[in-house]
Each structure stands twice: as C-alpha cells, then as structure tokens.
Amino acid sequence: MQGNFSYHNPTKLYFGDESLNFLKDELKNFGPAVLLNYGSGSVKRNGIYDEVVAILKEAGKTIVENPGVMSNPTLEKLHEGVRIARENNVDWILALGGGSVCDYSKAVAASVFYEGDFWDKFWLRQEQPDEGQKILPVGCILTMAGTGSEMNGGTVITDAEHTFKVGHVFDDRLMPKFSILNPKFTLTVPDEQMKAGIYDIMNHIMEQYFSDFDDNTSDYLSEGLMRSLIVASRIAVKNPQDYEARSNIMWTATWALNTLIGLGKQQDWMVHMIGHSLGAWTHAPHGYCLAAVSMAYYRRALKPGLPKFVRFAKNVWNIQVGGMTDEQIAEAGLQALKCWMQEVGLPLTISEIGATEEMIPGITQGTICYPAGYLDLKGDDITEILLESM
Ligand code: NZQ
Ligand code: ZN
C-alpha cells in the first residue's frame with residue numbers, strides 16, 4: 001500500500017429484507033420534524049411510502065413532504081428543498097429513493113444553514129462547509145442500487161439552465177447517519193434503470209482500479225467485487241426477481257463507492273467526468289452515459305495502463321493466457337468487458353442515448369479534465385472519444 005490515509009465511515013447500515021424494522025429504533029436519534037424527500041412517485045406505487053410514513057407517524061414525527069426529486073436532481077429543485085427545509089425548521093432529512101434522492105438530501109442538508117451562495121461554494125468552488133457550520137443529519141432508505149450514495153458524501157447536481165452537471169464529495173459530516181438497504185425494494189426498479197445501476201457499479205470499481213501499478217490490497221477487493229457483480233448481473237438480467245442476485249448487486253454497489261477500495265489509490269474518474277456532461281445534455285440514466293463512452297476511453301488507456309489491463313483480463317475475466325502477448329491478453333480483457341456489457345443490454349454508443357454530433361462541442365466543454373488514471377486528456381481528446389463513441 002502506497003500513501004498515507006485515515007479511514008472512517010460513519011454511516012450505519014441495515015441490510016436485508018427485514019431491514020426496515022430498524023427504522024423505528026433509529027428514529028429515537030433524531031428530532032421531531034423530518035423533511036421527507038422522494039422522487040416522482042415510484043415509492044407510492046410500490047407501497048414503500050405507506051410503510052415508511054406509518055412508521056414515522058407511529059413515532060410521532062411531523063412529516064414535511066418534498067416530493068418530485070427528479071432523476072439527476074437540478075439546482076432549481078435544490079433551491080426549493082432548501083427553502084422548504086428553512087420555512088419548516090426541520091430537524092433532519094429522510095431520503096426515500098435512489099441515488100438521486102440520497103444525493104439531493106445531502107445537498108439540501110449542507111446548504112440549509114449556509115447563508116451565501118451554496119451552489120458557488122460547494123459545487124463550483126468545491127469547498128467543504130466551514131468548520132462549525134450547522135448541517136442537518138440525513139438518513140436514507142434506498143430503493144435502487146447503483147450510486148453508493150447511501151454510504152458516501154457524494155452529491156451530483158445538474159444546473160439545467162447551463163446544461164452542466166457536477167458532483168461534490170462532502171466530508172464525513174454529510175455522510176448519511178444511517179442507511180436502510182432492503183433488496184426487495186429494488187425489485188420494482190424498471191429494467192433499464194437496473195441495467196444502468198449495474199454498469200454504474202462496475203464503472204465505480206474500474207475508476208478506482210485503473211490507476212497506479214503497485215500491489216495494493218484495494219485492487220484485490222475490487223477484483224472480488226467485480227466478479228460478484230458479473231455473476232449476479234448475469235442472473236438478474238435473466239430474472240430480475242431473483243432476490244439473491246439483487247441483494248448481491250445492492251451490497252456490491254455500496255462497497256464499490258464507500259471510499260474503501262479507493263484507499264491508497266490515485267483513482268481516475270474521467271469516464272464519470274465525460275458521463276456527467278453527457279447526462280446534462282441527453283438526460284439519459286447515469287450508468288448508460290458511462291457505458292456509452294467506456295469502450296473508447298479504456299481503449300485509449302490500455303497502452304499506458306498495460307500491466308493493469310493484463311491483470312484485469314486474468315483476474316476478473318479469467319482470460320486463458322497461453323501463448324498470448326500482454327497486448328493480446330489486455331485486448332481480450334476489454335473484449336470480455338464489451339461482451340458482458342452487450343449481454344446486460346447496455347448502450348455502447350452515445351447516439352443510442354440521444355446524443356448528436358451537434359452536441360459534441362457542448363459535451364466537451366462541460367467535461368472537467370485533469371490528469372487521471374493512465375491518461376492526461378484535454379478537450380480535443382474528449383471530442384475524439386465522443387466521436388469514436390457515436
Ligand atoms: O423518481 P422515482 O419515482 O423515485 O423513480 C426512480 C427514477 O425514475 C426510479 N426508481 C428508483 N427506485 C425505484 C424506482 N422505480 C421503481 N421502483 C423502485 N424501487 O428509478 C429512476 C432512477 O432513479 P435515480 O435515483 O435517478 O437513479 P440512481 O440511483 O442511478 O441515481 C442517479 C444519480 O446519482 C448520481 C448520478 O449522477 C445521478 O444524478 N451519482 C451519485 C454518486 C454518489 N453519490 O457518489 C456517484 C454516481 O457516480 C452518480 O454520479
Ligand atoms: Zn457513477
């Protein structure tokens with residue numbers, strides 16, 4: 001392990017098909033007025049909303065509702081949530097939904113007590129809340145697997161007016177105090193979103209794995225997570241109601257992005273930078289945006305990252321290496337990734353998710369570039385990757 005780090009993850013998890021039973025106990029830790037954030041109605045249709053509201057009411061909580069948190073939450077909706085939280089003087093926030101609702105809830109929690117321009121401070125300038133700034137506690141009841149938002153400080157917000165999507169990773173203070181992960185809740189997720197979530201998980205692991213060449217325990221953990229995801233995803237796409245597969249996917253998602261496997265690593269995240277900009281332009285599911293540019297990106301990274309791509313081929317995809325050169329082994333690994341993506345039913349081009357050639361200058365401009373992973377991409381490289389992905 002290279003580097004120096006500290007590790008502390010303050011989020012308490014409850015996992016399993018009976019995990020909602022623990023909400024009652026958790027409620028003792030929080031004040032009476034709760035801001036209940038949820039999305040565009042799935043939790044009402046599948047009954048999760050009723051279950052949660054009944055538990056909150058039984059515990060005597062005052063519920064301040066904030067429905068309509070959209071997929072890829074917007075800055076405008078963030079302003080609305082902050083206003084509602086301030087007007088109702090809420091004590092804490094409960095997120096009921098997927099990554100978008102969890103991200104959004106943390107964003108509101110960070111912004112309520114900041115008196116200046118919170119968009120400018122936290123997302124454009126990437127600063128943390130000042131020491132001593134009050135922050136609302138957040139709890140999550142997760143209904144969709146993918147982002148890892150349930151156990152991290154990430155908050156991705158879209159400025160729809162300027163077609164710009166940007167994430168900010170807050171420090172420990174914004175990590176959820178608790179998250180309830182019931183795999184059964186994910187059984188009603190539309191197939192398209194399940195597949196997008198599966199690739200989001202895979203790519204989170206790859207973003208951390210494809211950097212550095214040292215022998216690092218984090219990479220062994222990553223390989224195990226990828227192997228579990230590949231097995232579970234193959235079962236889930238054939239039978240989305242398979243609880244065992246869906247539970248493994250949910251648990252893998254959490255560990256893919258709760259900071260553990262990034263320890264001691266430089267990390268990459270350029271596929272996400274391109275994917276976020278692509279998302280702002282196309283409004284496609286986050287995981288689809290990542291999938292659509294991945295092949296072009298990793299083909300570029302293959303040469304400078306050759307030893308790691310060889311390891312990926314052998315340890316993740318079981319490529320048999322007899323008589324093959326390193327380049328051939330690495331290529332075979334990428335080909336296996338592509339075949340798996342096709343098997344899952346993921347888009348491999350950006351035109352499939354609604355991007356046009358006219359959008360490319362805008363998508364390029366909205367992509368934040370920095371030296372990362374095995375590459376140091378500039379705007380022209382992003383344009384080439386996008387054109388290759390058309
Ligand atoms: O709006 P509702 O009704 O809730 O419907 C949602 C939404 O339409 C639906 N859904 C969720 N659970 C469901 C369900 N439908 C039926 N049954 C259920 N149980 O699925 C749709 C997608 O939900 P969303 O929360 O948008 O998906 P996801 O979890 O993929 O979150 C995406 C957001 O997270 C950000 C993305 O950029 C995007 O904005 N990310 C957050 C990260 C983090 N915090 O670290 C990292 C990621 O890389 C990512 O960038
Ligand atoms: Zn992601």
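A helix-only calculation puts the chain at -14500 deg cm²/dmol for mean residue ellipticity at 222 nm, using -39500 (n - 2.57) for each DSSP H run of at least four residues, averaged over all residues. Scaled against the 2.2 N^0.38 Å expected of a compact globular protein of N residues, the Cα radius of gyration of the chain reads 0.97. Surface composition of the chain: carbon plus sulfur atoms contribute 50% of the solvent-accessible area (1.4 Å probe, protein chains only, all chains present).
Dividing the mean sequence gap of close Cα pairs (under 8 Å, 6+ apart) by how many residues segment 12-185 holds gives a relative contact order of 28 percent.
With θ taken as phi - 60° and the Karplus curve 6.51 cos²θ - 1.76 cosθ + 1.60 applied, the whole-hertz 3J(HN,Hα) list for segment 115-132 is 7, x, 7, 5, 4, 5, 5, 7, 9, 7, 8, 6, 8, 8, x, 4, 4, x Hz, x standing for glycine and proline. Of LYS106/LYS195; LYS12/LYS265; LYS121/LYS303, which ones are farther than 27 Å apart at the Cα? Too far apart for the 27 Å limit: LYS121/LYS303. Dividing the mean sequence gap of close Cα pairs (under 8 Å, 6+ apart) by how many residues segment 346-390 holds gives a relative contact order of 49 percent. The Cα trace of segment 101-172 gives Rg and Dmax of 12.2, 34 Å, the first to one decimal, the second as a whole number. Quotient of the Cα radius of gyration of segment 45-111 and 2.2 N^0.38 Å, N being its number of residues: 1.11. A 1.4 Å probe run over the protein chains yields, for the chain, 41 Å² of accessible area per residue, whole-number rounding.
Comparing LEU257, THR383, ILE180 along the charge dipole axis of the chain, the residue lying farthest to the positive side is ILE180, per the Cβ-charge model.
Rounded to two decimals, the Cα radius of gyration of segment 12-185 over 2.2 N^0.38 Å is 0.95. Between the C-alpha center of segment 253-326 and that of segment 63-94 there is a gap of 34 Å.
Taking the Cα centre as origin and putting +1 on Lys and Arg beta-carbons and -1 on Asp and Glu beta-carbons, what dipole magnitude results for the chain, to the nearest 20 debye?
Numbers: 32 positive and 48 negative charges, 159 e Å.
Charge dipole, the chain, about its Cα centre: 760 debye, nearest 20.
Look at the dipole of segment 246-390 built from charges on Cβ: of SER294, GLY305, ILE350, the Cα furthest out on the positive end belongs to GLY305.
Within the shell defined by Cβ-Cβ distances under 10 Å, the residues around GLY3 carry a net charge of -1, with Lys and Arg each +1 and Asp and Glu each -1. Taking every alpha-carbon pair in segment 120-258 and binning the separations at 5 Å intervals from zero gives 2, 9, 17, 18, 17, 16, 11, 7, 2, 0, 0 percent.
Normalised by residue number, the volume inside the convex hull of the Cα atoms of segment 191-388 is 110 Å³ per residue. Summarised as an ellipsoid, segment 317-359 has semi-axes of 30, 13, 4 Å, derived from the eigenvalues of the Cα gyration tensor scaled by 5 and square-rooted, with the largest first. Here the contact order of the chain, divided by its residue count and restricted to Cα pairs under 8 Å and six or more residues apart, works out to 16 percent.
Selection among ILE48, TRP119, HIS276 by position relative to the dipole of the chain gives ILE48 as farthest towards the positive end (Cβ unit charges, Cα centre). Put simply, the Cα atoms of segment 304-381 extend 45, 31, 16 Å along their principal axes, the longest span coming first.
Extension gain for the segment GLU18 to GLN126, taken as residue separation times 0.36 nm less the Cα-Cα distance, is 35.1 nm to one decimal.
The values are calculated or read from the model by the stated rules, or taken from the named source; none is laboratory data. Source: prediction; values computed, not measured. Reconstructed Cβ throughout: ideal geometry from the backbone, glycine too, with neighbour counts over all protein chains shown. To get the accessible areas, we keep the full protein, side chains included, count just its heavy atoms, and leave off ligands, DNA and RNA. Shrake-Rupley method; radii C 1.70, N 1.55, O 1.52, S 1.80 Å.
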